[in-house]
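Each value in this text was obtained by applying a stated rule to the coordinates, not by laboratory testing. Given the structure is predicted, the values throughout are model-derived calculations rather than measurements. FYI the Cβ positions are ideal-geometry reconstructions off the backbone, even for glycines, and counts take in every protein chain you see.
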Amino acid sequence: MGTTTSSWKKTFTKIFIVLIILVIGGVIAYFYLPYGDSSVKAGQLNYVMHKGVIFKTYEGKLIQTGIKTGTTGGVQSNEFEFSIENKELAKQLMNLTGQNVKLHYKEYFGALPWRGYTRFIVDSIVAIEEAPNPNINVDPNSLINY
């Protein structure tokens, strides 16, 4: 009788350990592996900042052209919030605030505190385009069609 109980306990312990390892592996894969391959977003770089209480990370916001409705009847701009792991890239983006940029990023299933506050991690700048200067003097007569 004692060997049957002992054998059952050993089998249960082995199955339990395998399940725990699979769950831990699944959680690690969920947070560390990118959701998709990668993508690019374009728009005007609103800001990049260094923030955090325990884990200091670089966070930014890109304002995309166009509008979307969050609720019926509401209008808001398309905003892309992202995190940056690379300090040099973050400093370069800080200098580009206000300009139109195309950013390459990877999307993850979840955010990690030491990686950033968002699931989107920008890893490179694809293109930089200067934003048009709104202070250019335009002759109003040139805009009238006769």
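Okay, here's what the table says:
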item: Spin-label model distance (nm) - Thr65 vs Val18, 7 Å beyond Cα toward Cβ; result: 5.7 nm
item: Karplus (6.51, -1.76, 1.60) ³J(HN,Hα), θ = phi - 60°, over region 21-36, in Hz, Gly and Pro reported as x; result: 4, 5, 5, 5, x, x, 5, 4, 4, 4, 8, 9, 8, x, 5, x
item: Cut-off under 5 Å, modelled amide H: who pairs with Tyr47 long-range; result: Lys61
item: Whole-Hz ³J(HN,Hα) from phi, Karplus 6.51 cos²θ - 1.76 cosθ + 1.60, for region 119-128, glycine and proline x; result: 7, 9, 10, 7, 10, 6, 9, 7, 8, 10
